[in-house]
1. Report, by residue number, each residue of the stretch 11-31 that is in a strand (DSSP E or B) and open to solvent by 60 Å² or more (accessible area, probe 1.4 Å).
2. Quick one: Gly61 ticks every box in (1) over 12 Å from the mean Cα position of the chain (by Cα); (2) modelled with pLDDT under 90; (3) of a type outside the set (Lys, Arg) except a single one, so which number is it?
Amino acid sequence: MKNRGPKFDINDGDFIFGDDNLGFDSEGHMMIGMGDNMMMDMENGDIHFTSGGSKNCFSFGMNNILDEEDD
């Protein structure tokens, strides 16, 4: 079953909406799935690491942001 919940984009700090194979981020960039927790930005070819999906996107992603802000 495909994960259709939002994924947290760890690289950009925004969300990707769609499923595991195709989606759009908060800025409107088309993203294509590359494997577990990885998507590629079709606009510039950058690889983005994502949370596992809606079940843990908020806790995993927000903890990651908070850790980076403490540095």
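The values are calculated or read from the model by the stated rules, or taken from the named source; none is laboratory data. Quick caveat: nothing in here was measured; it's all calculated off a predicted structure. Accessible surface is based on the protein model in full, side chains and every heavy atom, while ligands, DNA and RNA are left aside. Shrake-Rupley method; radii C 1.70, N 1.55, O 1.52, S 1.80 Å.
1. Phe17, Leu22, Phe24, Met30 - these are the residues of the stretch 11-31 that are in a strand (DSSP E or B) and open to solvent by 60 Å² or more (accessible area, probe 1.4 Å).
2. Going through the list (1) over 12 Å from the mean Cα position of the chain (by Cα); (2) modelled with pLDDT under 90; (3) of a type outside the set (Lys, Arg), Gly61 breaks only (1).
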